[in-house]
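Engineer: After the structure tokens below, expect a handful of questions from me.
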Amino acid sequence: MYSGTEAHWLQGYPALENLDDPAWRVALQKFEIMDVPTETTVFRPGDPCSYLLFLVKGDVRVYMSGDNGREIVLSHLKGGDLCILTLTTLLQTSDYSASAVTETPICAARLPVADFRKAFASSMGFQDFILSTLARRMHDTLFLLQEVAFERLEMRLACFLLRQRNGYDNCAVEMTHQQIACELGTTREMISRILKDLERRGCVRLSRKRVELADTSRLENINHGPTRNI
């Protein structure tokens with residue numbers, strides 16, 4: 001339906017690629033394409049929100065930091081994702097409350113806030129896309145809160161390792177204990193303690209910046225069954 005630079009990024013957003021109404025066509029002309037190198041801060045707490053970001057390609061980590069220096073990862077964005085934190089910040093007319101940093105070089109399409117508000121008010125199709133995205137990501141956030149609040153850390157760690165392993169042949173997770181701790185919203189010391197216990201029980205083998213899954217069946221049992229206190 002669209003051509004040139006428009007089609008370049010819309011291919012990752014089928015609902016928008018197939019959208020055709022006057023208000024959306026006007027908004028489409030307002031998008032700006034941006035390329036950002038790796039390890040670049042996209043936004044941080046207190047920054048004003050001036051654009052709605054659509055990630056075309058690359059990886060972005062969105063996280064919050066506490067006063068004690070601990071971090072928790074809120075989401076990992078990939079090509080075809082809409083930054084939900086940017087969206088909620090725009091809808092609330094507030095400043096950012098978390099940080100985002102590029103993990104790889106990225107390409108993104110951004111829509112200025114004034115043009116976003118016009119499109120959201122005038123294009124029913126764009127409004128449906130925004131609201132459905134918001135509802136889907138809210139479900140993901142509630143799932144994260146449920147994990148943090150109700151599941152034991154050993155179970156969450158086992159689940160995380162099984163999800164993150166690099167394929168089924170080598171069964172390894174290439175991450176430091178600190179990186180895993182940030183993903184799970186806890187301390188490096190707690191992760192190291194549990195990993196050491198899992199290694200003693202034959203579930204994993206530890207080396208520098210690497211956790212090898214020695215017995216995935218045992219990890220599956222931890223993930224799905226009751227766990228012992230650590």
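Engineer: Tell me, which strands (runs of 3 or more DSSP E) wholly within the stretch 62-144 include 1 or more residues that are within 27 Å of residue 184 (Cα to Cα) and in contact with a Pro (Cβ under 9 Å, 6 or more places away or on another chain)?
Structural biologist: Those strands (runs of 3 or more DSSP E) span 99-102, 106-112.
Engineer: For the stretch 137-155, give me each residue that is at pLDDT 75 or above and out of contact with any Gly (no Cβ under 9 Å at 6 or more places or on another chain).
Structural biologist: Correct list: 137, 138, 152, 153, 154.
Engineer: Residue check: is residue 79 on the phi > 0 side of the Ramachandran plot, at pLDDT 90 or above, touching a strand residue (DSSP E or B) at 6+ places or on another chain (Cβ under 7 Å) and not polar (S, T, N, Q)?
Structural biologist: Judged against the criteria, residue 79 is not a match.
The values are calculated or read from the model by the stated rules, or taken from the named source; none is laboratory data. All values reported here derive from a predicted model rather than from experimental measurement. A quick note on method: Cβ atoms are made from the backbone with ideal geometry, for glycine too, and the neighbour counts reach across all protein chains shown.
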